[in-house]
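Enquirer: Structure below; questions to follow.
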Amino acid sequence: MYIDQDACERCMDCIPVCPVGAIGITETKLIHHFSFQVVIDYETCVECGVCRRLRKCPQGAIKQVEEIPYPRILRAAFSDPTFRHASTAVLGRGTEEMKTNDVKNEFTRDNVGFSVEVGRPGVGAYFRDLQKVTMKAVALGGDFASYNPVVALMDKSTGALKEEVLNEKVLSAIAEFIVPREKVLDVLEKLTAFINAELESVATISVIARNDDDGGHSILHTLEAHGKLHGYAPYPNGKVNIGIAAMKGGNP
Amino acid sequence: MTHTLNRRGFDRERPGEEICVICMIHYKDRNEKTADAMRELAGIIIRHEPDNIMGSSTGAKPEQIVETSAAAGIITAVFTDKDSVMKLVQEIKAKDPGISVVLSGLFADVHDICESAGLTEHTSNYAVGISGNASLLPDHITLEIATQCGHGLVSRHYIEHVARRIGEGKMTAQEGAELLSKPCVCGIVNKKRTEEILLKMVEQNPFTEEREINYAVRQKRKFS
């Protein structure tokens, strides 16, 4: 994304809409006065497309290059939810995670899933930060979900990402992996401590689990009890797959 | 839409405030038949009058929303009335569309809805909080709006900018909420709740001119 300086009238209305603060002002000192331009910082921009989609610029000065080169294109793939990921053909962050679990049965009664979204909420992160999480997850015995665009960039045996992507910045990217159900608290403790100590950015951590036979949330109660001892509180809200697809020969 | 579980500001003492609805076709099941089922689902959701829905930020008409959902294999919406979601889920269950349906909100609300339709919760996603470099985060009240767009497209600076304009009397909180709902392409920003949060922000008045100038100066320093 860039601003066409010939078209820009310097109204500055676009500046606050950028989620990562990539739009700003550069000032040039001339002989008798200062001149300024409104610009998009190439390094900070994650190509989410908000500035252009909102049509904040009446002059249409916010523009996109004809083709974003690789690996920069990954910024758009992971930050612009209208972009369909090449590796999974899914919009958004490119993963179905538990949304379709009543069809695919990836999360069973014997395991739990972890979803660690690096860069969220609203901060952004480099893939080098994500790599810290993916490598730690592998070290903790996590088995990575295959249907996630991060996996397409990753060596599943080590969690290492492709070298050329490490300095690309995105709004967020999700490391998704499964561990045996009995390891959930141990993995959560170690992962949280690691993220607090090592990440440049922030991350949201969530746990995915099959509900009890009666629809109950025994994992949530386990997390609540554990959180009281370790200084965190699971949110009272969350996401629930209500098993509609399972009615039609899915995964009861 | 992966991220609605991370919404901030929910309280068990305020049940029924909002429920997000997500319908998704598993990627292996995408075909003409499921696309038709999705069209029907989208039509049902629109008929139950959500507070916000996918495509509304671009001004899409109902028939365009229906076609987009079939092409994308997903539809997303947010409701501010639990009874409507109960009726919606009952109707979806009766249709038996073979498409996954996810509800996002207070677990107690989702349970009531499931119970009313004779369903049991299948799989849940639990948020345990934000870790890492917390110094990069905005304040809690700003996060209550920012986290409504799961893809993180509602800028904290835009929220502050809009709240300040409301405080100056240059727009209403309703207009501000409408503006802040626009970056979210999934159409799941709860405009009613956003309006209330904006009013709370203005009441607390943290948007002094000094703070606004500081942002401009910070940006200028960063770029110069």
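Enquirer: Mind telling me which of the residues A:LEU223, A:LEU191, A:LEU185 ends up being surrounded by 20 or more Cβ atoms within 10 Å (Cβ to Cβ), touching a helix residue (DSSP H, G or I) at 6+ places or on another chain (Cβ under 7 Å) and in a helix (DSSP H, G or I)?
Expert: A:LEU191
Enquirer: Further, regarding this structure: How many residues does segment B:10-26 contain that are in contact (Cβ under 8 Å) with a residue 24 or more places away in the chain and either out of contact with any helix residue (DSSP H, G or I) (no Cβ under 7 Å at 6 or more places or on another chain) or surrounded by 19 or more Cβ atoms within 10 Å (Cβ to Cβ) (or both)?
Expert: The qualifying residues number 11.
Enquirer: Within the bounds of segment B:37-46, is there any residue that is surrounded by fewer than 14 Cβ atoms within 10 Å (Cβ to Cβ), over 23 Å from B:GLN174 (Cβ atoms) and at pLDDT 90 or above?
Expert: No: segment B:37-46 contains no residue that is surrounded by fewer than 14 Cβ atoms within 10 Å (Cβ to Cβ), over 23 Å from B:GLN174 (Cβ atoms) and at pLDDT 90 or above.
Enquirer: Could you tell me whether segment A:165-179 includes any residue that is of a type in the set (Ser, Thr, Tyr), more than 30 Å from B:GLU13 (Cα to Cα) and surrounded by 20 or more Cβ atoms within 10 Å (Cβ to Cβ)?
Expert: Within segment A:165-179, one or more residues are of a type in the set (Ser, Thr, Tyr), more than 30 Å from B:GLU13 (Cα to Cα) and surrounded by 20 or more Cβ atoms within 10 Å (Cβ to Cβ).
Enquirer: Can A:LYS29 be described as more than 9 Å from chain B (Cβ to nearest Cβ), of a type in the set (D, E, K, R) and without any contact (Cβ under 8 Å) to a residue 60 or more places away in the chain?
Expert: In short, yes.
Rundown of residues vs (1) of a type in the set (Val, Ile, Thr); (2) at the interface with chain A (Cβ under 7 Å from one of its Cβ atoms); (3) crowded, with 24+ Cβ neighbours inside 10 Å, yes/no style:
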{"residue": "B:GLY129", "(1), (2), (3)": "no, yes, no"}
{"residue": "B:ALA134", "(1), (2), (3)": "no, yes, no"}
{"residue": "B:LEU137", "(1), (2), (3)": "no, yes, no"}
{"residue": "B:GLY152", "(1), (2), (3)": "no, yes, yes"}
{"residue": "B:ALA163", "(1), (2), (3)": "no, no, yes"}
{"residue": "B:MET171", "(1), (2), (3)": "no, no, no"}
{"residue": "B:GLY176", "(1), (2), (3)": "no, no, yes"}
{"residue": "B:CYS184", "(1), (2), (3)": "no, no, yes"}
{"residue": "B:ILE188", "(1), (2), (3)": "yes, no, yes"}
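Enquirer: Next up: Given the structure, is B:ALA127 within 29 Å of A:THR82 (Cβ to Cβ) and either at pLDDT 95 or above or touching a Gly at 6+ places or on another chain (Cβ under 8 Å) (or both)?
Expert: yes
Enquirer: Out of everything in segment A:12-26 that is more than 7 Å from every other protein chain (Cβ to nearest Cβ) and within 17 Å of B:PRO138 (Cα to Cα), what residue ends up being farthest from the chain's Cα centre (by Cα)?
Expert: It comes out as A:ALA22.
Enquirer: Another question, if that's okay. Answer yes if at least one residue in segment B:9-16 is within 20 Å of the chain's Cα centre (by Cα), under 17 Å from A:GLU97 (Cα atoms), at the interface with chain A (Cβ under 9 Å from one of its Cβ atoms) and hydrophobic (A, V, I, L, M, F, W, C), and no otherwise.
Expert: Within segment B:9-16, not a single residue is within 20 Å of the chain's Cα centre (by Cα), under 17 Å from A:GLU97 (Cα atoms), at the interface with chain A (Cβ under 9 Å from one of its Cβ atoms) and hydrophobic (A, V, I, L, M, F, W, C).
Enquirer: From (1) in a strand (DSSP E or B); (2) within 14 Å of another protein chain (Cβ to nearest Cβ), pick out the condition that doesn't hold for A:VAL179.
Expert: That leaves (2) as the condition not met.
Enquirer: Looking at segment A:70-79, which of the residues that are farther than 20 Å from A:VAL39 by Cβ and in a loop (DSSP other than H, G, I, E, B) is nearest to the other protein chains (Cβ to nearest Cβ)?
Expert: A:PRO71
Enquirer: Right, another one. Take B:ASP29 and decide whether it is without any contact (Cβ under 8 Å) to a residue 12 or more places away in the chain and within 8 Å of another protein chain (Cβ to nearest Cβ).
Expert: No, not satisfied.
Enquirer: Within segment A:228-246, restricting attention to residues that are crowded, with 17+ Cβ neighbours inside 10 Å and assigned to a helix (DSSP H, G or I), which residue is modelled with the highest pLDDT?
Expert: The residue in question is A:ALA245.
Enquirer: Same structure, new question: On the given criteria, is A:PRO58 surrounded by fewer than 14 Cβ atoms within 10 Å (Cβ to Cβ), more than 13 Å from chain B (Cβ to nearest Cβ) and at negative phi?
Expert: It is true that A:PRO58 is surrounded by fewer than 14 Cβ atoms within 10 Å (Cβ to Cβ), more than 13 Å from chain B (Cβ to nearest Cβ) and at negative phi.
The values are calculated or read from the model by the stated rules, or taken from the named source; none is laboratory data. Note that the coordinates shown come from a computational prediction; the quantities given were computed from them, not determined experimentally. All Cβ positions, even for glycine, are placed from backbone atoms using ideal geometry, and neighbour counts span all protein chains on display.
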